[in-house]
Amino acid sequence: MAEVTYLEAIREALFEEMERDANVFCLGEDIGAYGGAFKVTEGLLAKYGEQRVIDTPISETAIVGAAAGAAHMGMRPVVEMQFIDFIANAYDMLTNYVATARYRAFLPCPMVVRGPSGGYVRGGPFHSQNPEAGFVHTPGLKVVYPSTAEDAKGLLKAAIRDEDCVLFFEHKYLYRRIKGTMPAGDHVVPIGKARVAREGSDLSIITYAATVWKALEAAEQLEKEDGLSVEVLDLRTLAPLDDDAIVATVKKTNRVLIVHEDTRTGGIAGEITARINEMAFEWLDAPVLRVTAHDIPLPYAPALEDFVLPQTADVVLAARRLADY
Amino acid sequence: MATRAKGGRAAPARPAGTFDPETPGSAAALLTREQKLELYYWMRLTRTLEERLVALYRQTKVVGGLFRSLGQEADAVGSCYALEQRDVMSPLIRNLGAMLVKGATPVEVLKQYMAKGDSPTRGRELNIHFGDIGEAGETRGFLGQISPLGDMVPVMAGVTLSFRMRGEDRVGLVYVGDGATSTGAFHEGINFAAVQRCPLVVVIENNGYAYSTPTSRQTLAKRFVDKAAGYGIPGEQADGNDVLATYDVTKRAVARARRGGGVSLIELMTYRRKGHAEHDNQSYVPAGEIERWAAENDPLDRYVRRLTTEMAVEATELAAIDARVTQEVDEATDVAEASAFPEALDALTGVYAEPPAASPLWFREGGRGGVTASERATDGWGVYKPDAKTESRVSQEDA
């Protein structure tokens, strides 16, 4: 089969799910006639019409709130945030309304909020964010952040079919750089399962999204230059975390480095470290290390952005420290 | 004021008794005597049920706060009476009357307030924060609110968007207070619904206060209904303490929505005679204001006068309704009081469809631990006092 990009894989998932289920519809800013800021939804309007591909006012609260209301009534809305940074404008609706709906009112709220996330693209403070940690902290939401084209498609299809609200983070750096070969047929990847992206025995790098590729590059370099066998665990789903996969890799290598592009304080690496302490402390041969972004709003200039964000060399450095401990 | 009426041109003459969304009074004129007595029943039930809740609150049987709609029964009851069962309504905290009209029962409300295990939310949510929505005909059609104000407007935009998308003959109605009009969610939701031509009626209950803040500090607009022009939708203001007026204005907006006319905004003028909740002493209210509304503009008193003077209803008929209401509330109270509180472990169920329940944390496994009797005592756990020995050691170190 032909290779498709990460972005095309997401688009394939949208087409297939809209074809499969007439209750699936898309709404967001500029997603119809224009096809979305990144053209993810290109072609959807022509095929499915204005009833199912809705260009909305610039109103993230209303978009998410309306999706929730429609979801209660049996629809399957897929919301696009033009940039995931703007999800902050819908924070109240997602955390107070959507996340609590099933618990407080037994209301189903099957919906997806998806959007371009992450940095390394010179997007500046408002087109580069990774706001996943705040939502991982909110009971009632699921959070997915794929690194490969195959997972992007399979996880989005799973998200659209999920009975609860799934936040689907798409890394915009990967949109057109990463390609994959889609398995034939109905390709669905289960939510909540991590993936071993590279087998190894000396130390483990636990990561997700764009930094999976940094970790893989670092692993390659460490094998060549240091003879180290590095395992890379791609979390894929951040809520719920795959505890079994995390514990398995800890028990296998006894040394753990957690890498994420999100800022450090309150980032998911802290949560994973705490879980390892609780579930597998006696299996550790070294303290868990973190490579993350600095606690800084993401700046625009290449020299600044590249300094703030984690890079392959940082991962290599941390892995060597861990191996030497 | 129906802003849709063509300026300067006389409306075509219509025979009396014909309903027309743009003709004020044409909906109320069609109410039967039986329906008018039903309106009285719902208003009386609202007031009597709240009075019962006050008694239970004073007996500390109401677990949280108590929110009254005293003096606002007509706006809630009359407006919701304009809906059909298949329609969906989202209330605010002072819309107990609307909830009852839409099919919520006194026993459900009492159990909610008393945090009972078989209350509609199984003890998860407070007061009238509960609902029943889904397929038309299978549900009563009211959607529980959440506390952040204005949020239900976007949600009801989505509920009614689904009606439009599926070609269902259903309408939505969402209540907001004067305070909620200042929120971003109100603006975004009403604008979204207007652009999408959702079959939605937005009712602003202007009761003069949002907690302690008077409407003069919410907006410089002379009337909230004037905001309709900014959204390109019709707006109409009505006397919220006249139950027939609130029914009439809403019935016409609902009909407009049903005919594909999109969103309408209604402002019902009323007055909040009690505080934000029972604890609120209303110290911020000018002297005499509450008493004046109570004496001159009580919606039940006004309606009783109209029923007896204009509609030939006998006082004995109303007394019979009052007795029926009291009996219903008495029976509901007995049932609610006899209900059990929820089992603690139920707290961990139903956050997600899958998994259906979370596991207790290790320090609570097997039902171990939890709050002790002394922590639950009236002086509680926030008043920890170090014992004398510790205290003297600390003071020695300080010295």
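Distances between placed amide hydrogens fall under 5 Å for A:Arg76 paired with A:Val24, A:Phe25, all partners being 5 or more residues away or on another chain. Count Lys and Arg as plus one, Asp and Glu as minus one, and take only other residues whose Cβ is under 10 Å from that of A:Thr148; the net charge is then +1.
Note on segment B:28-338: semi-axes of the ellipsoid equivalent to its C-alpha gyration tensor, largest first and rounded to whole Å, are 27, 22, 22.
Taking the C-alpha atoms only, the angle from helix A:268-280 to the longest principal axis of chain A is near 60 degrees. The charge dipole of chain A, taken about the Cα centre with unit charges on the Cβ atoms of Lys, Arg (+1) and Asp, Glu (-1), comes to about 260 debye, rounded to the nearest 20. Scaled against the 2.2 N^0.38 Å expected of a compact globular protein of N residues, the Cα radius of gyration of segment B:42-153 reads 1.00. Taking the DSSP beta bridges with both ends in the protein assembly as shown, the antiparallel portion is around 20 percent. Exposure proxy shown here: for B:Arg272, A:Arg195, the number of other Cβ atoms within 10 Å sets the order, fewest to most, as A:Arg195, B:Arg272. Ordered by the count of other Cβ atoms within 10 Å of each Cβ, fewest first, B:Tyr40, A:Tyr6 give B:Tyr40, A:Tyr6. Under a 5 Å amide H cut-off, with hydrogens placed 1.01 Å from N, B:Gly131 pairs with B:Gly144 among residues at least 5 apart or on other chains. Each residue in A:Arg198, B:Arg170, A:Arg176 was given a count of other beta-carbon atoms within 10 angstrom of its own, and listing them fewest first yields A:Arg176, A:Arg198, B:Arg170.
For the peptides A:128-135, A:148-155, residues were scored by their other Cβ atoms within 10 Å and the scores averaged per peptide; the highest-first order is A:148-155, A:128-135.
What the phi angles of segment A:15-20 give under the Karplus curve with 6.51, -1.76 and 1.60, with θ = phi - 60°, is a coupling list of 4, 5, 6, 5, 6, 6 Hz, glycine and proline written as x. Apply the a/c threshold of 1.5 to the C-alpha gyration tensor of chain A and tell me whether it is rounded, prolate or oblate. It comes out prolate by the Cα gyration axes. Shape class for segment A:3-181: rounded, because the ratio a/c of the largest to smallest gyration tensor axis (alpha-carbon atoms, square roots of eigenvalues) is under 1.5. Take each residue of peptide B:344-352, count the partner chain Cβ atoms within 10 Å of its Cβ, and average: the result is 3.
An ellipsoid equivalent to the protein assembly as shown, defined through the eigenvalues of its Cα gyration tensor, has semi-axes of 53, 33, 22 Å when rounded to whole angstrom and sorted largest first. Note that segment A:196-278 carries a Kirkwood radius of 12.7 Å, evaluated over its alpha carbons pair by pair. Per-peptide packing, taken as the mean over residues of other Cβ atoms within 10 Å, places A:49-55, B:58-64, A:157-163, B:371-377 in the sequence A:157-163, A:49-55, B:58-64, B:371-377 from highest down.
Distances between placed amide hydrogens fall under 5 Å for A:Ser204 paired with A:Glu231, A:Arg255, A:Val256, A:Leu257, all partners being 5 or more residues away or on another chain. Charged neighbours of A:Arg264, selected by a Cβ distance under 10 Å, balance to -1 (K, R count +1; D, E count -1). Applying D = kT/(6 pi eta Rh) to segment B:117-163, where Rh is the Kirkwood radius over alpha-carbon pairs, T corresponds to 4 °C and eta to 1.567 mPa s, the Stokes-Einstein value obtained is 109 µm²/s. Per-residue mean of foreign Cβ neighbours for A:96-104 is 5 (Cβ atoms of other chains, 10 Å radius).
Springs join every pair of Cα atoms under 10 Å in this Gaussian network model of chain B, and among B:Phe192, B:Phe130, B:Phe142 the largest mean-square fluctuation is at B:Phe192. Among the residues of B:166-176, the average count of other protein chain beta-carbon atoms within 10 Å of the residue beta-carbon is 1.
Across segment B:28-37, coupling constants 3J(HN,Hα) worked out from phi with the 6.51/-1.76/1.60 Karplus curve, θ = phi - 60°, read 4, 4, 8, 5, 7, 4, 4, 5, 5, 6 Hz, and Gly and Pro carry x.
Read-outs throughout are calculated quantities, based only on the coordinates presented, and are distinct from any laboratory measurement. Keep in mind the model is a prediction, meaning the values are calculated, not measured. Note that we place each Cβ from the backbone using ideal geometry, even for glycine, and neighbour counts take in every protein chain shown.
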